[in-house]
Amino acid sequence: MTEPTRTEPQGFEPFERPATSPDSMSKTDPTSQPGWERATLEKLAFASLREQKATRRWKTFVRLGWLAFFIFLVWLGMSRANTAATTTNPHTAVVEIKGEIANGADASAEFVVAAMKTAFEDAGAKGVVLLINSPGGSPVQAGIIYDEIRRLRAKHNKPVYAVVEETCASAAYYIASAADSIYVDKASIVGSIGVLMDGFGFTGTMEKLGVERRLLTSGENKGFLDPFSPMNEAQRAHAQQMIDQIHTQFIDVVKKGRGDRLKLDTPGLFSGLFWSGQQAVAYGLADQLGNVDFVAREVIKAEEVIDYTRRDNVAEKLAKKFGAAMGDASVRALHAVPSIR
């Protein structure tokens, strides 16, 4: 049999290639050159050195970046602390009380009292304005701030004025009543002199779902206010007596602070109702319509306004952003705590 004639398609390169000569192979193969081992090792060594240098440079850059960041935080804290302390020109000092009045919040007693101390100790501050926009919060935090306002005012002999923006209710009004005068906008929300203790009860839902609550206590009232356990009448009466006592404390503080300006014959004055700023002036809960600029210019007679409010630094804001505040709020939400709001 004869092998059939094979024709290759146009452009097709056959598998069989002509053998190359030893001379041509020596020119293309690097291993055929003398000293190739040393050259290869040198290349590897230099590449390793370059990589190590790059790694060291990157580590140095990262460390310098962190160092600059911490220096910035220290500078920020020191500049914030020294700004108000070095002020000597006549001015009106402002301390903001905004948001919930609670431990750990921006309007906590810790932050507000620290800001007030700095403001009162500044010789250039001719008066202190509490700029309030808060629905209320903890009666304990409000009580601490109230007592410090009265103490600092007597110690430094400087006037204190409360200026209300949108809201001054419950614990916020508790604080405002310590001021010499209260200024509001005609549409501000003012009042809500009362106390509440809130929570949830899931006992009926648990029974329907067939869920059993297993709570072991060493005292018959240790599980008091547990949302998964029923509340008996004795416990309810005890809680009511406690919040009634706190309500009485609240009323006494308002009467002491406002004095004869209060229209005690106003229906529902201490019932937890709230009023507009215009009504608050009529009922003696506030003194006059006005804002911060008005008080600084017309009352304190020092138009320059300087803010002494203590605020979170960058690190604290980052911590809250990444869940610290959320976790704390979740824990507090599971426990019923009396709060003036």
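Observations on the structure shown:
- Residue tally, condition surrounded by 15 or more Cβ atoms within 10 Å (Cβ to Cβ) and under 30 Å from PHE274 (Cα atoms), over the range 197-226: 1
- Count of the range 171-189 residues which are in a loop (DSSP other than H, G, I, E, B) and over 20 Å from GLY99 (Cβ atoms): 2
- Top-ranked residue in the range 266-287 [being free of Cβ contacts under 8 Å to residues at least 24 places away in the same chain and not polar (S, T, N, Q); ranked as surrounded by the fewest Cβ atoms within 10 Å (Cβ to Cβ)]: PRO267
Every number in this text was worked out from the coordinates using simple rules, so none of it is lab data. The structure presented is a predicted model; accordingly, all values stated were derived computationally and were not measured. Ideal geometry is used to build each Cβ from the backbone, glycine not excepted, and the neighbour counts take in all protein chains shown.
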